[in-house]
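Novice: The structure that follows is given in the form of C-alpha cells.
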Amino acid sequence: MLATRLSDQKHFGDIVPVDEAIRATAYQRLDMLTKPQGALGRLEPLAAQVCAIQRTLDIRIVEPLGLVFAADRATRLPPSMR
C-alpha cells in the first residue's frame, strides 16, 4: 500500500493549479458573445473551467468521453404493488 501511495505522489506532483487569469478571461469572452449573459447555463462555467485547466482560450478536447450514472432506489416493488 505504501508503494502505491509513493508512486501516486510521483504522478500527482505534476498537477499544477488552474490558471485563474485564464478563467476570468474566458468568462469575459463568454459575456461578450451575442447572447444574454448566462444563457448557456451550466456550460459557461464548464467552458471556463476547461480553459483554466488547459491554460488557453483555444481549448481542444481530443477524445471526449461521456459517463452516465443512473440509479433507482426502489429495487423491488413493495408487496402492495405486486
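Novice: If you take the residues in region 1-32 that are in a loop (DSSP other than H, G, I, E, B) and modelled with pLDDT of 90 or more, which one is farthest from residue 48 (Cα to Cα)? Spell out the reasoning first.
Specialist: The initial filter retains those residues of region 1-32 that are in a loop (DSSP other than H, G, I, E, B), namely 1, 13-19.
Subset that is modelled with pLDDT of 90 or more: 17-19.
Working: 17: 14, 18: 10, 19: 10 Å.
Ranking the qualifying residues of region 1-32, first place goes to 17.
Novice: Would you tally the residues in region 40-66 being loosely packed, with under 10 Cβ neighbours inside 10 Å and over 25 Å from residue 16 (Cα atoms)? Give the steps one after another, and end with the answer.
Specialist: Start the filter on region 40-66 by keeping residues that are loosely packed, with under 10 Cβ neighbours inside 10 Å, which leaves 41-42, 58, 60-66.
When the remaining residues are screened for being over 25 Å from residue 16 (Cα atoms), the result is 41.
Number satisfying all stated conditions: 1.
Novice: May I pose another question? Checking residue 37 against (1) surrounded by 10 or more Cβ atoms within 10 Å (Cβ to Cβ); (2) modelled with pLDDT of 90 or more; (3) not in a helix (DSSP H, G or I): exactly one of these is not met. Which one?
Specialist: (2)
Novice: Among the residues of region 16-66, write down those that are in contact (Cβ under 8 Å) with a residue 12 or more places away in the chain and β-branched (Val, Ile, Thr).
Specialist: Of everything in region 16-66, those that are in contact (Cβ under 8 Å) with a residue 12 or more places away in the chain and β-branched (Val, Ile, Thr) turn out to be 18, 22, 25, 53, 56, 59.
Novice: Quick check on region 40-82: of everything there that is part of a loop (DSSP other than H, G, I, E, B) and of a type in the set (Val, Ile, Thr), which residue is nearest to residue 15 (Cα to Cα)? If you could, list the steps in order and put the result at the bottom.
Specialist: Going residue by residue through region 40-82, those that are part of a loop (DSSP other than H, G, I, E, B) are 40-42, 55-78, 82.
Now narrow it down to the ones that are of a type in the set (Val, Ile, Thr): 56, 59, 61-62, 68, 75.
Details: 56: 16, 59: 18, 61: 18, 62: 19, 68: 26, 75: 41 Å.
Checked region 40-82; the qualifying residue nearest to residue 15 (Cα to Cα) is 56.
The values are calculated or read from the model by the stated rules, or taken from the named source; none is laboratory data. On a predicted model such as this, the values are computed, not experimentally measured, just so you know. We place every Cβ from the backbone using ideal geometry, glycine too, and count neighbours over all the protein chains shown.
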